[in-house]
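In what follows, a structure is listed as structure tokens, so that the remarks can point back to it.
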Amino acid sequence: MASALKLLKRRGYRQVRVEDVADDAGVCKATVYHYFSSKDDLLTRSVANRTAERNAAIECRLARAGGSAADRLRLFLRDFWAMSLTKQSGLFQRLVISEMVTDAPEVFDAWAHGLVQRWHLVETLIKDGQRRGEFRRSADAAVTARMILSALSYQALFHVHFGVRRFAPCDVDRLLDSSLDQLFHGLRPGQRRAARR
């Protein structure tokens, strides 16, 4: 599965062949077909497995970090931003847009489930902050989660990976810091509510 992901990022979905994955993994093609029914099965399970590993690692890191919901949310979003800026993430985002959504719907679905899990994680952190009185209760946690992750991932994709920063320069740290400032300002409880606490 590691070989499949490596070649997927390097060559794109259309150019990945089971024979190439087998060669890269140092096994024969029949061995691959012993465990996976097709190229799509191999790639779908590889993407799903990688996504599950990453999400589990993030959840462990947040649990170890402890602290307020705001602290954990900030930690998660900073990690998400750093990951979104990597070359590997840029390559994968391009594949999702250019090939997987149309040519490999099962592989796309595996990727999309990972995205939805990240939305739910952010939603859970916001709801935790609402319960603790850190964030205003009237904020729609589900929509807020989608909006902040979409904003960050698309800024990374277009600004960095597609090179739009050539036409509209902006420092990547400034993009993140301002986005987080706006998010936390929008989540802050009203003055009267904060005074009661």
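So the values come out like this:
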| read-out | value |
| --- | --- |
| Boolean, D109 is in contact (Cβ under 8 Å) with a residue 60 or more places away in the chain and in contact with a Phe, Trp or Tyr (Cβ under 7 Å, 6 or more places away or on another chain) | no |
| Test: residue in the stretch 142-159 that is touching a Pro at 6+ places or on another chain (Cβ under 9 Å) and either under 25 Å from D71 (Cβ atoms) or modelled with pLDDT under 95 (or both) | no |
| Checking E123 against (1) touching a residue at least 60 places away in the same chain (Cβ under 8 Å); (2) closer than 28 Å to I97 by Cβ; (3) in contact with a helix residue (DSSP H, G or I) (Cβ under 6 Å, 6 or more places away or on another chain), the condition it does not meet | (1) |
| In the stretch 10-55, residue least open to solvent (accessible area, probe 1.4 Å) [restricted to those that are hydroxyl-bearing (S, T, Y) and touching a helix residue (DSSP H, G or I) at 6+ places or on another chain (Cβ under 6 Å)] | S46 |
| Selection count where residues are on the phi < 0 side of the Ramachandran plot and assigned to a loop (DSSP other than H, G, I, E, B), scope the stretch 94-142 | 8 |
| Unmet criterion (only one of (1) crowded, with 17+ Cβ neighbours inside 10 Å; (2) modelled with pLDDT of 95 or more) for G133 | (1) |
| Candidate set from the stretch 143-168 (those that are part of a helix (DSSP H, G or I) and over 18 Å from Q182 (Cβ atoms)); member that is least open to solvent (accessible area, probe 1.4 Å) | L157 |
| Selection status of Y33, in a loop (DSSP other than H, G, I, E, B) and more than 17 Å from Q117 (Cβ to Cβ) | no |
| Filter result for S3 (touching a helix residue (DSSP H, G or I) at 6+ places or on another chain (Cβ under 8 Å), open to solvent by less than 30 Å² (accessible area, probe 1.4 Å), of a type in the set (G, A, S) and within 27 Å of L121 (Cβ to Cβ)) | no |
| Any hit, the stretch 172-180, residues being touching a helix residue (DSSP H, G or I) at 6+ places or on another chain (Cβ under 8 Å), open to solvent by 50 Å² or more (accessible area, probe 1.4 Å) and part of a helix (DSSP H, G or I) | no |
| Residue within the stretch 78-91 that is among the aromatic types (F, W, Y), closer than 25 Å to Q182 by Cα and buried (at least 16 other Cβ atoms within 10 Å of the Cβ) present | yes |
| Where a residue in the stretch 141-169 is in contact (Cβ under 8 Å) with a residue 24 or more places away in the chain and under 18 Å from V96 (Cβ atoms) and its partner, wherever it lies, is basic (K, R) and surrounded by 19 or more Cβ atoms within 10 Å (Cβ to Cβ), with Cβ under 9 Å and at least six apart | L149/R118 |
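The values are calculated or read from the model by the stated rules, or taken from the named source; none is laboratory data. None of these values were measured; they are calculated from a predicted model. Counting neighbours? That spans all protein chains shown, and the Cβs are built from the backbone with ideal geometry, glycine included. SASA here: full protein model, heavy atoms, side chains in, ligands and nucleic acids out. Shrake-Rupley method; radii C 1.70, N 1.55, O 1.52, S 1.80 Å.
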